[in-house]
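First comes the structure, then the notes that go with it.
The values are calculated or read from the model by the stated rules, or taken from the named source; none is laboratory data. Since we're looking at a predicted model, the values are computed, not measured. No Cβ is skipped: glycine too gets one built from the backbone with ideal geometry, and neighbour counts run over all protein chains shown. Side chains included, ligands, DNA and RNA excluded: accessible areas come from the protein's heavy atoms. Shrake-Rupley method; radii C 1.70, N 1.55, O 1.52, S 1.80 Å.
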Amino acid sequence: MRIVVNICRLVVALTLIFSGFVKAIDPLGTQYKIDDYLGALGLLSYVPQWVTLSTSIALSALEFLLGMLLLFAIHRRLVSRLIVTFLGVMTLVTLWIWIADPVKDCGCFGDAIKITNGETLLKNIILLACSIVVAWKPLKMTRFISHSNQWIVKNYTLLFILVVSTWCLYDLPLFDFRPYHIGVNIEQDMQIPEGAPQPEYETTFVLEKDGVQKEFSIDNYPDSTWKFVDSHSVLVKEGYEPPIHDFSIQTLEGEDVTDSILHKEGYTFLLVAPMLGDAEKKDFGDINILAEYANEKNYGFCCLTASSTKDIEKWRQETGADYPIYHTDGTTLKTIIRSNPGLLLLKDGTIIQKWSDKMMPEIPMVDGNTPPLEEQQIGQMADDSTAEKIALIVILFIVPMFVLTIADRLFAWTKWFRKDEDTNNVKHLNNKVTMRKKIVAGNWKMNMNLQDGIALAKELNDTLTAEKPNCGVVICTPFIHLASVAQFLNQDIIGLGAENCADKEKGAFTGEVSAEMVKSTGAQYVILGHSERREYYKETPEILKEKVLLALKNNLKVIFCIGETLEEREANRQNEVVKAELEGSVFNLSEEEFKNIIIAYEPIWAIGTGKTATAEQAEEIHAYIRSIVENRYGKEVAENTSILYGGSCKASNAPELFAKPDIDGGLIGGASLKAADFKGIIDAWKA
C-alpha cells in the first residue's frame, strides 16, 4: 500500500507541477483560454480582463504549489484532500468540454502539449483516481523534509512561481511552445509536404421536389428535376495540418498582401496588436522612432491588427502612426506574440527577434548615425537557447530545493545518531531489573449508568479475587459511581480511582468535585491531565499543577497523562511535547511527592482510533520519559516510577507491549468496559 500511495503521489505531483509551470510561463495564453471558456458560456462580456488575468496567475500558482506540497508530503491530509477537490472540479469541467465541445483544446498543459478533449478527460480521471488513493492513506506518503523546514519549501515555491508569472507577463513567455517562435520561417511552416494526407469531407445535399425535401450524398445525387436547397460538409478524416495554417495579411480594403510581406528580402518589422483599443500607448514614441528608422534604411515596417477601422483611426490620431496597418485574425495575432502590442523582426521571412511592449528595442547612435541592422545585435538571430533556460530554472529552483532536502535529511540522520541529551542514560536504565509496580488501570470515561457500573465492578471483583492478578489493578469511574462501587471492591485487589478532580479546594464552584470529596468516597487514585480534558475543557499546565497539588494533599495517587497529537508525532516533536507537559505540571514536586505520581503516556492519535503505536515506538518514548525523570529526580526515583501505555491497548497487543522493559502497564479505555476484555489485558502480565 505504501508503494502504491507513493507512486500515485508522484504521478499527481509531477503532473500538477508541470501543468502549473507551463501555465505560469504564459499567463496571457492561460487568460485567453479562460476567455474561451467564458465565451462558450456567454459570460465573457461580464467578466473584466483583470479578473481573468488574475485567475490565470492564481490557477497556475495553485497547481504548482499543490504539486510541490504533495511531492514533499507537506500537510499530507489537507493537501491530498484539496487536490481531490481540485481534480474533481477539473474532471467535471473536462467532462463538459468532451460532451459539449465548446473548445478544441482544454489548455491544461498550455501550448507545451496539445491533447484532445477525450484525452484530457481520460487524463483527469486517472489523476483523480490516483489522488483519491493518496487521500485515502495520506500518512503512507514518505516525507522528503522535516516539519521545521517545510515553511521554506512552501514560501519559496509560491514566491518562485509568482515571480516567474510576473516576469513572463512583463516580458514574454520564458519558453515559446507556439508555432511562431524564434527561428521559424513563416512561409515554410505554412507549406504542406508533397504526399501528405489530405483531409476528407463528406458532403450532404438537401434537394427539393414536389414540395418534399430529401438529403443525398455525392454517390446518389439525383437528376436535374430536383431543386438544390442547401448543403453541408462534415470532416470524416483529418489530414496533415501544417504548424502555421491560419496566417494571412489583408489591407483594410481586403487585398491579400501576405506573400509580398513574407517574400520581402532583408528585414521587416511587424508590430502585432490584436486590439489597438486595448494596446499600451505609452511607448508609441519608441515605435514611431523604429518605424522612421526602418523607412530610412528601406526595411519593412507594418502593423498587424484585428481592430475595427474606428480603433485604427483612433490609434493613428493618438500615436501619430505613419506606417501601414493591415488586418490579421485576432486569434492568430495572440498566438504570434503574448503582448499587445508586441514587435517581431523578420529576416527573409524568418522570425529572428521578439519584443514585448515593455522591452522595445532602442536603435543606438554611432558617430551621429544609426548603423544598419546587420551591424547591430538586434539584427542577429536571438539567442533563444532552451538548454540555458532550463539551466536557469535548475539553478534558481531545483538546486535550492535539492540542497535543502539533502541538508535536512543529513541533519535528521545526525540528530538520530546523536539522540537527545536527555536520553543518554536510557540504555543502563533499560538493562537494570527494577521492582516498580506493574499496573493495569481502567478509565471508564462517561459510560454506563450506576447500576451497570456496579454490576461491572462486582464482576471484576469476583473474578480477580478468585484468580489473583499478577499486577496492580485500578478502575477509574465517573464521580457518581465512586461511593457505591467502593462498597463492592476488595481494594487489596482492585484500587478505585476518579477520572478527574477540581483545581479548587472548596467554595462556590457549582458542578465541580474536589480532591477531598473524591478521597471521601474511598477512592485511592485520580486521573489528571487526560488529553480529552486538555482538548475539550482547555486544561492548562497551570490548572493541572493545582489539581496535582490538591490530589496529593488529600493522599490520592495521581495517574498523570501526557502525550502528543498526530501532527506533533509527524513533526518528530513527541519528546519535546511530553517533556514540556511534565515540566509544566509535576516537575515542581519534591522527590517524596513525585513518588505518588504514575505517568500514563497516551499517544493522542492512537486513542479511540484503532491505531496503536508499535511496541518499539512505545518503548522508545517510555524510555525517554524515564530518562528525563532521572535527570530531574535521580536514578532511584526514575527506576521506581510506573509508566503506563494509554493508546488503544487490547488483549491482543498487550503481551508485546508489556514485554518492553520500560512499559509498566496500561491505562485502558474502551476495553475496560467489559470484564472479559479487561481481564484479558490484565492476564498479559502472566505471559
Notebook entry, point to check: Can you list the lysines whose alpha carbon sits under 18 Å from that of K214, skipping same-chain ones fewer than 8 residues off?
Noted result: K227
Check: Averaged per residue, what accessible surface does the chain expose to a 1.4 Å probe, in Å²?
Finding: 50
Item checked: Placed amide H near K557: partners under 5 Å, 5+ positions off or other chain -> Y525, V526
Note to self: Can you work out the Karplus-derived ³J(HN,Hα) for every residue in segment 448-465? Use 6.51 cos²θ - 1.76 cosθ + 1.60 with θ = phi - 60°, whole Hz, and x for glycine or proline.
What the structure shows: 6, 6, 4, 5, 5, x, 5, 4, 5, 4, 5, 5, 5, 4, 5, 5, 6, 5
Check: Near the amide H of G300, under 5 Å away, which other amide H atoms are found, from residues 5 or more places off or on another chain, if H is placed in the peptide plane?
Finding: Y267, T268, F269
Check: Quick one: if you stick a label point 7 Å off each Cα along the C-beta vector at K154 and T405, how many nm between them?
Finding: 2.0
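In nm, what is the difference between 0.36 nm times the number of residues separating K310 and T565 and their Cα-Cα distance?
In short, 85.0 nm is gained.
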Check: Taking Cα centroids, how far is segment 58-134 from segment 191-264 in Å?
Finding: 37
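Taking 8 Å as the Cα distance limit and 6 or more residues as the minimum spacing, I'd like the relative contact order of the chain as a percentage.
Computed value for the chain: 9 percent relative contact order.
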Next item on the list: Determine the principal axes of the Cα atoms in segment 93-250, then give the extent along each, sorted from largest to smallest and rounded to whole angstroms.
Entry: 86, 45, 29
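Subtract the Cα-Cα distance of K297 and I493 from 0.36 nm times their separation in residues, and report this length gain in nm to one decimal.
Between K297 and I493, full extension yields 59.6 nm more.
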Check: Over all Cα pairs of segment 226-323, how is the pair count split among 10 Å bins, expressed in % and running from 0 up to the last occupied bin?
Finding: 11, 35, 28, 13, 10, 3, 0
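Taking the inverse of the average 1/r across all pairs of different Cα atoms in segment 528-687, what Kirkwood radius in Å do you get?
15.9
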Margin query: What does DSSP give for segment 473-569 in terms of the percent of beta bridges that are antiparallel, rounded to the nearest 5?
Written below: 0
Item checked: Förster radius 51 Å - calculated FRET efficiency between Q617 and M275, Cβ distance, rounded to 0.05 -> 0.20
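Below 8 Å between Cα atoms, with a sequence gap of 6+, how large is the relative contact order for segment 305-368 in percent?
23
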Item checked: Antiparallel DSSP beta bridges within the chain, as percent of all bridges there, nearest 5 -> 45
Check: How large is ³J(HN,Hα) for each residue in segment 657-671, as worked out from phi by the Karplus curve 6.51 cos²θ - 1.76 cosθ + 1.60 (θ = phi - 60°), to whole Hz, x for Gly and Pro?
Finding: 5, 5, 6, 6, x, 9, 9, 9, x, x, 9, 9, x, x, 6
Check: Of the accessible area of the chain, with the probe set at 1.4 angstrom, what percent is carbon plus sulfur?
Finding: 57
Notebook entry, point to check: Local charge sum around V548 (other residues, Cβ-Cβ under 10 Å, Lys/Arg +1, Asp/Glu -1)?
Noted result: 0
Margin query: Quick query: amide H of A502 versus all other amide H atoms, modeled in the peptide plane; which residues come in under 5 Å with a sequence gap of 5 or more or a different chain?
Written below: V513, S514, A515
Checklist line | Phi-based couplings in Hz for segment 121-131 (Karplus 6.51, -1.76, 1.60; Gly and Pro marked x) | finding: 4, 4, 4, 5, 5, 5, 5, 5, 4, 4, 5
Note to self: Please enumerate, by chain and number, the lysines with C-alpha under 16 Å from the C-alpha of K686, excluding those fewer than 8 residues away in the same chain.
What the structure shows: K437, K438, K468, K650, K660
Item checked: Kirkwood hydrodynamic radius (C-alpha pairs) into Stokes-Einstein, segment 524-576, 20 °C and 1.002 mPa s, D in µm²/s -> 177
Margin query: Ranking request for peptides 620-627, 651-658, 476-483: highest mean number of other beta-carbon atoms within 10 Å first, then the rest in descending order.
Written below: 620-627, 476-483, 651-658
Next item on the list: Output the peptides 405-411, 173-179, 584-590 sorted from most to least packed, where packing is the average of other Cβ atoms within 10 Å over each peptide's residues.
Entry: 173-179, 584-590, 405-411
Check: Using helices alone, what [θ] at 222 nm do you get for the chain, with -39,500 (n - 2.57) per DSSP H run of 4 or more residues, divided over all residues and rounded to the nearest 500?
Finding: -14000 deg cm²/dmol
Next item on the list: In nm, give the distance between the simple-model label positions of A387 and A580, each being 7 Å from the Cα along the Cα-to-Cβ direction.
Entry: 5.2
Next item on the list: Can you figure out the FRET efficiency of Q376 with W50, using R₀ = 35 Å and their beta-carbon distance, to the nearest 0.05?
Entry: 0.40
Next item on the list: Report the full-extension gain for the segment K686 to K595: residue separation times 0.36 nm, less the Cα-Cα distance, to one decimal in nm.
Entry: 30.2 nm
